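Heads up, the thing below is written out as structure tokens.
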Amino acid sequence: MQQAASCLMLCDVQALLFDLDGTLIDSAPDLGGAANALRQERGLAALPLAVLRPWVGAGARGMLAAGLSIEPEPPEYLTWRDRFLALYEQRLLLHTRAFDGVAEVLALLDRRGLPWGIVTNKAERFTHPIHRGMPLLQSAKAVISGDTTPHAKPHPEPLLEACRRLGVDPKACAYVGDDLRDVQAAHAAGMRSVAACWGYLGHGADVASWGAHLRADSPQALSDWLT
């Protein structure tokens, strides 16, 4: 029944949009590496990636909280955030890779002539080099970063801008992401939402409570549903 319902939900979509980190790519090794490089500068030992990985979806704020117990309130927070981002910018594609099965999903969309795009809260200074540096992302017809529009997710505007660039009605689009904000943004934009359960999900997340139209355990499940 779930398989049938999933096919009905996705088989008539005219375009797919994807979050980037935790959905298309596993950037945790490089984000975690930046956090550990910052720890090293402070004379602290590196943390295992398993400790840092659940916080990747929260961006610099989450990585600083998990890696150095630094919250946004102290006056020095912006200094540490900027240093973390500078360290990350030096290693954007050092160990970052696509999740297993993602290349097959994107190839399937290309074969079927279905346009797809990327909508991420990552700033353009990081998104664009990653997009240019990963061959499997080259067929994206729209790439929207957190600072492309005046708003970031969970506001719907980034998703709506992607639809405008694709020339697709939001109602005929589905958005795939691994964070509650992704589902909220999709609903606000009038799109179908797919929770990417293979991603980071967030620390202590209850994915079942997000209200996503579908929950996919793997990229392979997306391929199955789309065919």
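Worth a mention:
- Of the candidates 156, 150, the single residue that is of a type outside the set (A, V, I, L, M, F, W, C), within 22 Å of residue 175 (Cα to Cα) and crowded, with 19+ Cβ neighbours inside 10 Å is 156.
- Of the residues making up region 128-135, none is touching a residue at least 12 places away in the same chain (Cβ under 8 Å) and of a type in the set (D, E, K, R).
- Filtered residue count, region 174-200, keeping only those that are open to solvent by 40 Å² or more (accessible area, probe 1.4 Å) and in contact (Cβ under 8 Å) with a residue 40 or more places away in the chain: 2
- Residue match in region 163-173 (condition: buried (at least 24 other Cβ atoms within 10 Å of the Cβ) and under 25 Å from residue 97 (Cβ atoms)): no
- Residue match in region 66-87 (condition: β-branched (Val, Ile, Thr) and touching a residue at least 60 places away in the same chain (Cβ under 8 Å)): no
- The conditions of being open to solvent by less than 30 Å² (accessible area, probe 1.4 Å), out of contact with any helix residue (DSSP H, G or I) (no Cβ under 6 Å at 6 or more places or on another chain) and in contact (Cβ under 8 Å) with a residue 40 or more places away in the chain are not met by residue 96.
- Qualifying residue in region 91-105 (condition: in a helix (DSSP H, G or I), modelled with pLDDT under 90 and closer than 23 Å to residue 191 by Cβ): no
- Filtering region 35-90 to residues that are of a type in the set (Asp, Glu) and either crowded, with 19+ Cβ neighbours inside 10 Å or assigned to a helix (DSSP H, G or I) (or both) leaves 41, 82, 89.
The values are calculated or read from the model by the stated rules, or taken from the named source; none is laboratory data. It should be emphasised that the depicted structure is a prediction, and the values quoted were computed from it without experimental measurement. When we count neighbours, we look across all protein chains shown, and the Cβ atoms used for this are built from the backbone with ideal geometry, even at glycine. Keep in mind that these areas ignore ligands, DNA and RNA; they rest on the heavy atoms of the full protein, side chains included. Shrake-Rupley method; radii C 1.70, N 1.55, O 1.52, S 1.80 Å.
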